[in-house]
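Right, one structure below, let's go through it.
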Amino acid sequence: MSPSTAKFDRGDKFADYQTATSLQEYVLVNQSEMSIECFRENEQGIWISQTYNRGEKVNFASLDFNCQIELIYRKVPGITKD
């Protein structure tokens, strides 16, 4: 997700994706800083946001995937990994 697309990615694009009955998680990966936002639909049908930052373990339940956020960003130029 780039700064120029962030509003669209969180707004109209996300609204369109929510119409897909198979959508379990909607993930936005920031390209300019180490930050990943994951939206999940709860039992009441409300989409809840969870943000992962440096030093945190990322969990994508729909894929049964877990790893440190630094591994996702390991080859992204311009982002400090320390």
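The values are calculated or read from the model by the stated rules, or taken from the named source; none is laboratory data. If you're wondering where the values come from, they're calculated on a predicted model, not measured in any experiment. Quick reminder, even Gly has a Cβ in these numbers, built from the backbone with ideal geometry, and neighbours come from all protein chains shown.
Values as computed for the structure displayed
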| quantity | calculated |
| --- | --- |
| Cross-chain or 6+ apart pairs with Cβ under 7 Å, segment 43-56 first and assigned to a loop (DSSP other than H, G, I, E, B), then β-branched (Val, Ile, Thr) and at pLDDT 95 or above | Arg54/Ile69; Glu56/Ile69 |
| Residue count, segment 52-82 (criterion: surrounded by 12 or more Cβ atoms within 10 Å (Cβ to Cβ) and out of contact with any helix residue (DSSP H, G or I) (no Cβ under 9 Å at 6 or more places or on another chain)) | 10 |
| Filtered residues of segment 24-33 (kept if part of a loop (DSSP other than H, G, I, E, B) and at pLDDT 95 or above) | none |
| Any hit, segment 2-20, residues being part of a loop (DSSP other than H, G, I, E, B), within 11 Å of the chain's Cα centre (by Cα) and within 22 Å of Gln68 (Cα to Cα) | no |
